[in-house]
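Structure first, then comments.
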Amino acid sequence: VQLQASGGGLVQAGGSLRLSCTTFGIVFRINTMAWYRQAPGKQREVVARITSGGNTNYGDSVKGRFTISRDNAKNTVYLQMNSLLPEDTAVYYCQLPDWRSRDYWGQGTLVTVSS
């Protein structure tokens, strides 16, 4: 099982980025997927989740600004991030939760938002 994340970078406050996470080795369409982030000196926190049926939920700090989506044909989950704030600066990780009794993580992609 592999999760390959991409799309991070440097953006000014108010800008947008789209992260992608492509999975290999699983039946993608039946799984919940999630995005987490970890800022320097802070614990990893959940950003968004999407179920196999397309139901979504978000962390309070990103509601209304971020959108999680999935393309089952491409085995890929996305995170569209709009109206970015400096406090969104973090390493973003995609997660496959509870696949055969363990969680899997992508390698992380750095998002830096300048003020």
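The values are calculated or read from the model by the stated rules, or taken from the named source; none is laboratory data. Predicted model, so just to flag it, every value in this text is computed and none were measured. All Cβ positions, even for glycine, are placed from backbone atoms using ideal geometry, and neighbour counts span all protein chains on display. Accessible surface areas use protein heavy atoms only, side chains included; no ligands, DNA or RNA. Shrake-Rupley method; radii C 1.70, N 1.55, O 1.52, S 1.80 Å.
If a residue must be basic (K, R) and touching a residue at least 40 places away in the same chain (Cβ under 8 Å), how many such residues does the range 71-113 contain? Explain how you work it out, then say what you get.
Of the residues in the range 71-113, the ones basic (K, R) are 74, 100, 102.
Subsequent filtering for residues that are touching a residue at least 40 places away in the same chain (Cβ under 8 Å) retains 74.
Final tally of qualifying residues: 1.
Might you check whether a residue that is in contact (Cβ under 8 Å) with a residue 60 or more places away in the chain and either assigned to a loop (DSSP other than H, G, I, E, B) or of a type in the set (K, R) (or both) occurs anywhere in the range 45-53? Can you show your working first?
Of the residues in the range 45-53, the ones in contact (Cβ under 8 Å) with a residue 60 or more places away in the chain are none.
Looking through the range 45-53, none of the residues is in contact (Cβ under 8 Å) with a residue 60 or more places away in the chain and either assigned to a loop (DSSP other than H, G, I, E, B) or of a type in the set (K, R) (or both).
Determine whether K42 is open to solvent by 60 Å² or more (accessible area, probe 1.4 Å), within 15 Å of the chain's Cα centre (by Cα) and over 18 Å from V1 (Cα atoms). It would help to see each step written out before you state the result.
Numbers: open to solvent by 60 Å² or more (accessible area, probe 1.4 Å): yes; within 15 Å of the chain's Cα centre (by Cα): no; over 18 Å from V1 (Cα atoms): yes.
In short, no.
For the range 6-31, how many residues are open to solvent by less than 80 Å² (accessible area, probe 1.4 Å), closer than 12 Å to L96 by Cα and either touching a helix residue (DSSP H, G or I) at 6+ places or on another chain (Cβ under 8 Å) or part of a strand (DSSP E or B) (or both)?
4
Would you be able to say whether some residue in the range 99-115 is part of a loop (DSSP other than H, G, I, E, B), closer than 21 Å to V1 by Cα and more than 13 Å from the chain's Cα centre (by Cα)? Give the derivation first.
Within the range 99-115, the subset part of a loop (DSSP other than H, G, I, E, B) is 100-101, 106-108, 115.
Pick out the ones that are also closer than 21 Å to V1 by Cα and you get 100-101, 106-108.
This time we only want the ones that are more than 13 Å from the chain's Cα centre (by Cα), so: 100-101.
Yes - at least one qualifying residue is present in the range 99-115.
Please state which one of A73, A34 is at negative phi, crowded, with 19+ Cβ neighbours inside 10 Å, among the small types (G, A, S) and out of contact with any helix residue (DSSP H, G or I) (no Cβ under 8 Å at 6 or more places or on another chain).
Numbers: A73 fails: crowded, with 19+ Cβ neighbours inside 10 Å.
Testing whether each residue is at negative phi, crowded, with 19+ Cβ neighbours inside 10 Å, among the small types (G, A, S) and out of contact with any helix residue (DSSP H, G or I) (no Cβ under 8 Å at 6 or more places or on another chain) leaves just A34.
Give the residues of the range 76-104 that are over 13 Å from N31 (Cβ atoms), open to solvent by less than 50 Å² (accessible area, probe 1.4 Å) and hydrophobic (A, V, I, L, M, F, W, C), sorted by residue number.
If the condition is that a residue be over 13 Å from N31 (Cβ atoms), open to solvent by less than 50 Å² (accessible area, probe 1.4 Å) and hydrophobic (A, V, I, L, M, F, W, C), then L79, M81, L84, A90, V91 are the ones that fit.
Here are some residues: T51, T109. Which one is β-branched (V, I, T) and surrounded by 15 or more Cβ atoms within 10 Å (Cβ to Cβ)?
Working: T51 fails: surrounded by 15 or more Cβ atoms within 10 Å (Cβ to Cβ).
Result: T109 is the single residue among T51, T109 that is β-branched (V, I, T) and surrounded by 15 or more Cβ atoms within 10 Å (Cβ to Cβ).
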